[in-house]
Amino acid sequence: QVQLVESGGGLVQAGGSLRLSCAASGSILSINVMGWHRQAPGKQRELVATITSGGRINYADSVKGRFTISRDNAKNTVYLQMSSLKPEDTAVYYCIADVRTFDRTFSQRYWGQGTQVTVSP
């Protein structure tokens, strides 16, 4: 079993910053992709940013230049530094990790429970 535990969400004014963290634990052999998705009320879940174990990064166009994703492979942890936040960034943010466990020969995507980010005007 693999667990993803997120932290760092909250309420912030527009223009402010927040840092999200997500730590993976369990019977982990390796993690390829880690990242973040988000879902705003009444909207579909969307990709925010991903980072591979080798450091390849992908951002949604809506967050480029404002959000920075990073990870600590030794700690199986991914971070999302969010700056210049806008009200439209308000959403539940979900951590994802493509994990290979000791009992499988393939990776499986795991999701965190979600953390609320609210940006006030």
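Observations, loosely collected:
Rundown of residues vs (1) under 21 Å from residue 121 (Cα atoms); (2) touching a Phe, Trp or Tyr at 6+ places or on another chain (Cβ under 7 Å); (3) modelled with pLDDT of 95 or more, yes/no style:
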residue: 10; (1), (2), (3): yes, no, yes
residue: 17; (1), (2), (3): yes, no, yes
residue: 28; (1), (2), (3): no, no, yes
residue: 32; (1), (2), (3): no, no, yes
residue: 41; (1), (2), (3): yes, no, no
residue: 44; (1), (2), (3): no, no, yes
residue: 47; (1), (2), (3): no, no, yes
residue: 52; (1), (2), (3): no, no, yes
residue: 56; (1), (2), (3): no, no, yes
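- Residue satisfying all of: in region 24-52; among the hydroxyl-bearing types (Ser, Thr, Tyr) and open to solvent by less than 50 Å² (accessible area, probe 1.4 Å); farthest from residue 95 (Cα to Cα) among these: 52
- Scanning region 52-71 for residues that are among the basic types (Lys, Arg) and under 20 Å from residue 85 (Cα atoms) yields 64, 66.
- If you filter region 7-23 down to residues that are of a type in the set (A, V, I, L, M, F, W, C), part of a strand (DSSP E or B) and touching a Ser or Thr at 6+ places or on another chain (Cβ under 7 Å), you find that the one that is surrounded by the most Cβ atoms within 10 Å (Cβ to Cβ) is 22.
- Of all residues making up region 63-74, the number that are open to solvent by 50 Å² or more (accessible area, probe 1.4 Å) and either within 15 Å of the chain's Cα centre (by Cα) or touching a residue at least 60 places away in the same chain (Cβ under 8 Å) (or both): 3
- Any pair with Cβ under 7 angstrom, 6 or more apart, that starts in region 89-107 at a residue that is modelled with pLDDT of 95 or more and of a type in the set (Gly, Ala, Ser) and ends at one that is outside any loop (DSSP other than H, G, I, E, B) and open to solvent by less than 40 Å² (accessible area, probe 1.4 Å): 91/38; 91/117; 97/4; 97/24; 97/31; 97/34; 97/110
The values are calculated or read from the model by the stated rules, or taken from the named source; none is laboratory data. Since the model is a prediction, treat every value here as computed from it, not as a measurement. Don't worry about glycine lacking a Cβ; one is built from the backbone with ideal geometry, like all the others, and counts go over all protein chains shown. When the accessible area is computed, the model is the full protein with side chains, heavy atoms only, and any ligands, DNA or RNA have been set aside. Shrake-Rupley method; radii C 1.70, N 1.55, O 1.52, S 1.80 Å.
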